[in-house]
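What follows is a set of notes on a single structure, which appears directly below.
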Amino acid sequence: MTFQIFKALHIRSKFPPGPTGLPIIGNLLQLPTSRPWLIFDKWTKQYGQNTVVLGTHKAAADLLDRRSNIYSDRPRFVVLNLLTGGMQWGFGQADNLWKRQRREAHEALSTQAVKEYFQYQETESIIMLDHILTDPENFTDHFQRASTSLTLSIVYGWPPVLDSAHPAIQHINKFSRQLLVAAAPGTFWVEFKYLKWMQYLPRWMCAWRRDAEDAFRSDSAVFQRMAHDIQKQRDSDVGDKTRSIAGKLLLEDIGNFYEAVWNCASIYDSQAGAETTSGQLAWFVQAMILYPEVQQIAQKELDHIVGLDRLPTFDDYENLPYIRATVKEILRWRGVGPLGVPHRLSQDDYYQGYFLPKDTICFVNIWTLHLNKEIYGDDAEHFNPGRFLDTGGKLKSSFADTKDEGHYSFGFGKRICVGRNVANNSLFIHIAFLLWAFNITPEVDENGNPSLPDSLQCIEGITIRPTPFHCNIIARRADVAEIIVQAKANI
Ligand code: HEM
């Protein structure tokens, strides 16, 4: 099974140990379901042997959180750097550019600042419900569209994009895919540890350099055009340009134009490219099929607090603790990044008597951490939002070292996901809308037996998503369609 191949790191010798002939390494980009040794072989050659997977809360928190001043770099990717002119800071080194970009992104995405995006999120939820109402079979496409469109609104102030074939979406998705391919081990020879000298070969000798440099020029031009549009259309009524990250960076705190352009591109790419929120929602639908009792408790809370006559809103947030616990639980139970994003150690270090040389690549086996029974209880393998609530039904204070999230799906230390407030809010409103409007049930065969998906099967990529499965998503009451259509007309 996919995840059992990753064992906790037990520290016994001077260098952290690994299976015979292989270092303990892992990768979020391609979790192998079969023949894992082939992919390990690729990683070994690319990363060299100093790659560790941390498999305990203590090791992860001690190193990536408490020593984050030296554990916050990223692996270096030659082709990815060419594709982005070194400006995509989510993949970049922990240098001054990253610090500046991250600080600005952090301000634009703070707990307070993200309240400005509530309206965008409610709007996308309404459109998503409307699409599911007419085409429930393709629910994952509707999640994907909602998530991409929301990112365009938040980052560039765009009005909702209803069609996934829109050229802007196509372009940025192509850009993100290129980066993911470039970050996947084994794609380019130049990334291999002993072939890094190839990066100094001139342009005329290598197609990969020509392709990457040309792609960067054209992508950079597109991102700059989108930024110029915001400056030009400041007074237009198409979308709300100032209520966006680009609006803040380009209209309010005018600093370095080129850096602001690439800060927006980096944030867009980190969210939409990785398909985080939409993948998480696909897991949520699967959880509802497998755990109908959870669905009933959540719907009872919604019916009690929101009632039957209107859709939920962010004003209901404080009064919907079970929905908020469901958000935490889906990020814990099937977080879309079971190995997180790799950090690189920027200087030699010692940990519990073991030597970790500079440049060691650190993954965390978040999957293992999330199934730890000592922390999450004997039912850790099951989907149970109740674990986050006290006996009075209120959210409990969080588990140690999880930064109030209750899980590790947003990563660690100075690299922790800068968009996590947006992510939590999107999941909250989408889940509240979905359960208010629909019953999600398994398909049944001709004998009336439910066909249940296997929640350990997944599609592998930079994030994991459930293997495609069928289910029934049906309006809970006769007037639901009318309320949704009315809400859509008022957008
Ligand atoms: C369910 C949704 C999401 C999940 C599970 C998620 C998860 C992550 C993880 C694991 C990291 C790497 C942390 C580390 O290196 O330790 C990360 C980084 C990042 N995320 Fe997210 N993310 C989500 C949504 C978002 C959203 C909505 C945005 C933007 C609005 C965003 C923007 C970023 C950026 C810019 C980084 C790079 C941070 C850095 O390298 O300093 N993410 N995310």
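The values are calculated or read from the model by the stated rules, or taken from the named source; none is laboratory data. Keep in mind that this is a model prediction, so the values were computed, not measured. We place every Cβ from the backbone using ideal geometry, glycine too, and count neighbours over all the protein chains shown.
I need the full set of residues from the stretch 375-414 which are outside any loop (DSSP other than H, G, I, E, B) and of a type in the set (Phe, Trp, Tyr), in order please. Within the stretch 375-414, Tyr376, Phe388 meet the criteria.
Among the residues making up the stretch 396-421, a single one is closer than 18 Å to Thr111 by Cα, touching a strand residue (DSSP E or B) at 6+ places or on another chain (Cβ under 9 Å) and more than 11 Å from the ligand (Cβ to nearest atom): Gly406. The set of residues from the stretch 344-355 being within 16 Å of the ligand (Cβ to nearest atom) and surrounded by fewer than 21 Cβ atoms within 10 Å (Cβ to Cβ) comprises just one member, Ser346. The set of residues from the stretch 422-453 being buried (at least 23 other Cβ atoms within 10 Å of the Cβ) and touching a strand residue (DSSP E or B) at 6+ places or on another chain (Cβ under 6 Å) comprises just one member, Phe438. If you go through the stretch 70-94 and pick out every residue that is outside any loop (DSSP other than H, G, I, E, B) and within 12 Å of the ligand (Cβ to nearest atom), you end up with 1. Does His370 satisfy the criteria of being within 15 Å of the ligand (Cβ to nearest atom), without any contact (Cβ under 8 Å) to a residue 40 or more places away in the chain and of a type outside the set (A, V, I, L, M, F, W, C)? Yes. The residues in the stretch 329-355 that are part of a strand (DSSP E or B), modelled with pLDDT under 90 and within 19 Å of the chain's Cα centre (by Cα) can be counted, and the count is 0.
A single member of Lys373, Lys358 is farther than 23 Å from Arg465 by Cα, surrounded by fewer than 14 Cβ atoms within 10 Å (Cβ to Cβ) and within 25 Å of the chain's Cα centre (by Cα), and it is Lys373.
Taking the criterion of being charged (D, E, K, R) and either under 29 Å from the mean Cα position of the chain (by Cα) or within 21 Å of Asn50 (Cβ to Cβ) (or both), the residues of the stretch 189-208 that qualify are Glu191, Lys193, Lys196. Every test in (1) more than 30 Å from His304 (Cα to Cα); (2) buried (at least 22 other Cβ atoms within 10 Å of the Cβ) is passed by Val341 save one, and that test is (2). From the list Ile474, Ile431, Ile491, Ile483, the one residue that fits, being farther than 14 Å from Ala287 by Cβ and assigned to a helix (DSSP H, G or I), is Ile483.
Elements of the type helices (runs of 4 or more DSSP H) sitting completely within the stretch 248-328 and holding at least 1 residues that are within 15 Å of the ligand (Cβ to nearest atom) and more than 19 Å from the chain's Cα centre (by Cα): these cover 257-268.
Here is a check on your reading of the model: is Thr368 assigned to a helix (DSSP H, G or I) and among the polar types (S, T, N, Q)? Against the criterion (assigned to a helix (DSSP H, G or I) and among the polar types (S, T, N, Q)), Thr368 qualifies. Considering Ala227, Ala165, the condition of being touching a residue at least 12 places away in the same chain (Cβ under 8 Å) and among the small types (Gly, Ala, Ser) is satisfied by Ala227 alone. Would you check if Thr84 is surrounded by 21 or more Cβ atoms within 10 Å (Cβ to Cβ), out of contact with any helix residue (DSSP H, G or I) (no Cβ under 6 Å at 6 or more places or on another chain) and of a type in the set (Ser, Thr, Tyr)? Considered against the rule, which asks whether it is surrounded by 21 or more Cβ atoms within 10 Å (Cβ to Cβ), out of contact with any helix residue (DSSP H, G or I) (no Cβ under 6 Å at 6 or more places or on another chain) and of a type in the set (Ser, Thr, Tyr), Thr84 comes out as yes. Against the definition (among the aliphatic types (A, V, I, L, M) and closer than 16 Å to His382 by Cα), how does Val294 come out, yes or no? Yes, satisfied. Each residue in the stretch 100-134 was checked for being among the basic types (Lys, Arg), within 11 Å of the ligand (Cβ to nearest atom) and over 30 Å from Arg210 (Cα atoms), and 1 of them qualify. Here Leu97 clears all of (1) within 12 Å of the ligand (Cβ to nearest atom); (2) closer than 26 Å to Asn372 by Cβ; (3) out of contact with any strand residue (DSSP E or B) (no Cβ under 9 Å at 6 or more places or on another chain) except the condition numbered (2).
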